[in-house]
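Everything on this sheet refers to the single structure shown next.
Laboratory data are not the source of any read-out in this text; all were calculated from the coordinates shown. Because the structure is a prediction, the values reported are computed rather than measured. Reconstructed Cβ throughout: ideal geometry from the backbone, glycine too, with neighbour counts over all protein chains shown.
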C-alpha cells in the first residue's frame with residue numbers, strides 16, 4: 001500500500017474485520033506445522049499472515065472485534081443525529097428551466113415562474129359557468145379548434161365485472177371463486193356533456209371507468225359497450241380516447257411545453273404537419289390556462305416544479321393534445337383545496353365546451369363543482385346504479401327523483417345536493433327504509449328514459465363505419481424511437497444530480513485507484529508483483545461498474561412509472577421506449593470510459609502502447625455498459641427499486657466469487673464451473689488481463705519455477721492473447737442480452753395491476 005493511503009487503512013472497518021478473522025483462522029491448530037520460509041522457521045499460519053502483511057498476534061482478534069462494535073455504535077449515532085437535526089432540502093415551487101446549467105453546477109437550472117394568472121380571481125369563476133348562473137345554451141362554445149375531431153357517443157348496457165375471489169373473503173365451504181365488482185351497469189355518455197360518476201368509497205366508480213376505458217389488466221368483463229353505435233374495439237378506441245389518471249405522473253425534468261410536444265408528436269396522426277401540431281399545442285395550453293407556465297419544469301411533487309393544481313391541468317392537457325373525442329378523468333379535484341379545485345374544474349368545463357365527451361369520477365364534491373356537471377351516474381357498494389340521467393338546474397331532476405321516494409327527507413335550502421344525495425342513499429338509510437335503491441331505480445321512469453337513450457344511440461348512424469386505424473400507433477417504430485430518444489436526452493441532460501455526479505465520481509474513483517496502484521503496472525518480476533498488477537486490473541473493472549448499476553436504478557424506476565401511463569395511452573411500443581432508454585446511456589458511459597481509462601492507465605503505468613490502451617478502454621466501455629444495463633434489468637424485472645437493489649447486490653457477490661480472480665477457473669469445483677462462463681466479470685477479467693499481460697515474454701520467478709509471464713498466465717489462469725477476441729465478443733453479447741432482457745421485461749411485465 002502506498003504510504004499516502006496508509007491512514008485510510010486505519011479508518012476502514014474492513015481492515016479490522018480482515019485482521020480479526022485472519023488471526024482467528026490461521027492461529028488454529030491445523031496451521032501450526034513449522035515451515036522454513038524467508039523469515040525463518042515459523043508455522044504455516046504465521047507464514048501466510050506474513051506474506052499478506054497481517055499481524056500474527058492473537059490479541060488482534062479482540063482488537064478487531066472491539067473496533068467493529070465501536071464502528072457499529074458510531075454509525076448508529078450518526079444516523080440518529082442526522083434524523084434528529086437534518087431537515088430535507090426544500091425548494092420553492094413553479095420553477096422554469098434556463099440555460100445556466102453549468103452555473104448552478106449540481107442543481108437543477110431553474111428560475112421562478114411568473115404568477116399563474118389562472119389563480120387570480122378563481123374563487124368565483126366556476127360558479128359563473130354553472131347552470132345555476134346561466135343556462136346550458138348560453139355557454140360559450142369553443143368548437144373552433146384548429147384540428148377537427150369526431151364527436152362520439154359511448155353507450156354501455158348490462159356491464160358486469162368479476163375478479164378472482166381473494167382467499168380472505170371466501171366463506172367456509174363456499175365454492176364461489178369470483179367477486180362481482182360491477183352489476184348490470186348501463187348508461188350513456190354524449191358529446192358536449194359533462195358526466196359525473198359519484199358514489200361512496202368502494203362503489204366501483206373508478207372500476208367502471210377503467211372497464212369502459214379498457215384499462216383493466218385482469219378480471220372478466222361482460223356486457224355491451226358501443227361507440228356511436230358500433231362495438232368498441234380497444235385498439236382503435238385507445239387512439240380516440242384520453243384518460244386523466246388520479247395520480248399526475250410526468251417526467252420531472254421536462255417543461256410543460258415539452259410534455260405537450262412529446263404527447264402530441266406521438267399521438268397525433270403523421271398527416272398533421274409540424275406547424276399544425278405546434279399551433280394545436282399552443283391552443284391547448286391556452287385552453288387549460290398553462291401558456292404562462294410553458295417553460296416551467298414539471299418537477300417532483302411536493303418538492304420542485306408545478307403545484308398540485310398545475311400538475312393536474314398539465315395531466316389534462318397531455319391528453320387533450322392527442323385530440324381525443326372521449327376523455328375520462330379519475331377524480332380530477334382529489335387532494336385540492338377549494339381554490340385549486342375551481343381552477344381545475346374551469347379547465348374541465350372548457351374541455352367539455354369544445355364538444356368532447358367528458359366523464360369524471362368525483363368524491364364528495366362541493367356545491368359549485370357538483371353543479372358544473374350536466375349528467376350523473378350514481379352508484380352504491382356492489383357496483384350497482386341507483387340514479388342515472390340529467391341533473392337539471394340546481395340539481396332539480398336529481399332532487400325530485402329522490403324526494404319522490406317515500407321516507408326520504410327533503411333537502412334543506414342552500415344544502416349541497418351532492419352531500420344530501422350521499423346522505424339519503426347511505427346503506428343505513430336503505431336498511432331503515434327496508435328498500436334497495438338499485439331495485440327502485442331499475443323500476444323507475446328515470447331508468448326507462450336512460451334505456452331508451454341507449455337503444456336509440458346504439459344504432460349506428462346511416463352510412464357510418466366503425467372506427468378503424470391501419471396501425472396500432474399513430475407513428476411508426478422509427479419515429480417512436482427518435483421522439484423517445486429526444487425526450488430521454490432532455491431528461492438526462494437536465495439530471496446533473498445523476499450524470500454530473502457520476503462523471504465527478506468517475507474522476508474521483510480513477511484518482512483513488514490510480515494513486516493506490518501508482519506505477520505498479522511495470523513491476524512484474526515476481527508472482528507477488530504480478531498478482532498486484534492483476535489486482536489493479538480487476539479493481540479497475542468492477543470499481544465503477546457496480547456504481548453505474550446502482551445509480552441508474554432510481555432513474556429507470558421513475559421513468560418506468562411514466563412509461564406505464566404512456567404505454568396505456570398508446571403513445572409508443574415498449575421496444576421503442578426501451579431502445580431509447582438504453583442508447584441514451586451510451587454517450588455518458590463513453591465519457592466515463594475516456595475519463596477513467598486516461599487517468600487509471602497512465603497513473604498505474606501500464607505498457608505505453610496505443611493498441612493496448614485501446615483494448616483497455618474498450619473493455620472498460622463494455623464493462624460499464626453491461627453493468628448499467630444490468631441495473632436497468634433489475635428494475636425491469638422487479639416491482640420496486642429497493643427490491644431491485646437487493647437482487648443486484650446478490651448478483652455482485654456471485655459475480656465476484658466466480659470471476660476467476662479470487663478462485664481461478666481451474667480451482668472452481670466442476671459442478672460450479674458453468675457459472676464461471678455465465679459471469680460477465682470473468683470475461684472482462686480474461687480479456688483485459690490477456691490484452692495487457694498475455695503476450696509478455698519477460699521472466700517471472702516463484703517458489704520452484706521460472707516461467708515467462710505468458711506461460712504462467714496460460715498454465716494457471718488459461719489467459720492468453722488468443723482470448724482477447726472471444727472476450728470482446730462475449731461482452732458484446734452480454735450487453736445485447738441484458739438490453740434485450742430489459743426491453744422484454746417492459747413489454748411483458750406490468751407491476752401496476754388494475
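Below are the figures for this structure:
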quantity: FRET E, pair residue 32, residue 753, Förster distance 41 Å, beta-carbon r, rounded to 0.05; calculated: 0.10
quantity: Inter-part distance where segment 315-333 and segment 529-555 are each reduced to a Cα centre, Å; calculated: 47 Å
quantity: Residue order, fewest to most beta carbons within 10 Å, for 413, 368, 718; calculated: 413, 718, 368
quantity: Additional length obtainable on full extension of the chain from residue 586 to residue 169, 0.36 nm per residue less Cα span; calculated: 145.1 nm
quantity: Virtual spin-label span in nm between residue 512 and residue 51, 7 Å along Cα→Cβ; calculated: 2.9 nm
quantity: Listed peptides 69-76, 417-424, 585-592, 249-256 by packing density, highest first (mean Cβ within 10 Å); calculated: 249-256, 417-424, 585-592, 69-76
quantity: Within the chain, helix-based [θ] at 222 nm, where runs of 4 or more DSSP H residues each add -39,500 (n - 2.57), nearest 500; calculated: -16000 deg cm²/dmol
quantity: In nm, spacing of pseudo-spin labels at residue 451 and residue 190 (7 Å Cα→C-beta vector); calculated: 1.9 nm
quantity: Neighbour-count order for 289, 29, 722, fewest beta carbons within 10 angstrom listed first; calculated: 29, 722, 289
quantity: Folded to 0 to 90 degrees: helix 610-637 orientation relative to the chain principal axis, Cα; calculated: 40 degrees
quantity: FRET efficiency for residue 729 and residue 15, using Cβ-Cβ distance with R0 set to 41 Å, rounded to 0.05; calculated: 0.55
quantity: Distance between modelled label sites at residue 670 and residue 7, nm, 7 Å Cα→Cβ extension; calculated: 5.4 nm
quantity: Estimated FRET transfer efficiency (residue 393, residue 216; beta-carbon r; R0 25 Å; 0.05); calculated: 0.10
quantity: Rounded to 10°, Cα long-axis angle of helix 574-583 versus longest principal axis of the chain; calculated: 40 degrees
quantity: Largest-first principal axis extents, alpha carbons of segment 405-494, Å; calculated: 64, 48, 26
quantity: The chain: relative contact order in percent, alpha carbon pairs under 8 Å with at least 6 residues between; calculated: 13 percent
quantity: Identified option (computed Cα extents along the principal axes in Å; candidates [x] 108, 63, 49; [y] 99, 66, 46; [z] 191, 155, 40); calculated: [x]
quantity: Centre separation in Å (Cα based) which lies between segment 662-687 and segment 718-754; calculated: 17 Å
quantity: Separation between Cα centres of segment 418-473 and segment 354-401, rounded to whole Å; calculated: 11 Å
quantity: Of all DSSP beta bridges in segment 314-467, antiparallel share, percent nearest 5; calculated: 55 percent
quantity: Extension reserve of the residue 44-residue 72 stretch, reckoned as 0.36 nm per residue once the Cα distance is removed; calculated: 6.8 nm
quantity: Calculated P(r) tail over 16 Å for segment 669-754, as whole % of Cα pairs; calculated: 65 percent
quantity: Estimated translational D of segment 468-519 in µm²/s (Stokes, Kirkwood radius over Cα pairs; 4 °C; 1.567 mPa s); calculated: 90 µm²/s
quantity: Principal-axis tilt of helix 477-493 within the chain, Cα atoms, nearest 10 degrees; calculated: 70 degrees
quantity: Additional length obtainable on full extension of the chain from residue 85 to residue 505, 0.36 nm per residue less Cα span; calculated: 148.5 nm
quantity: Share antiparallel - DSSP beta bridges, the chain, percent rounded to 5; calculated: 65 percent
quantity: Sequence of 155, 308 once ranked by neighbouring C-beta atoms within 10 Å, starting from the fewest; calculated: 308, 155
quantity: Cα-derived Rg to Rh of segment 477-748, Kirkwood definition; calculated: 1.01
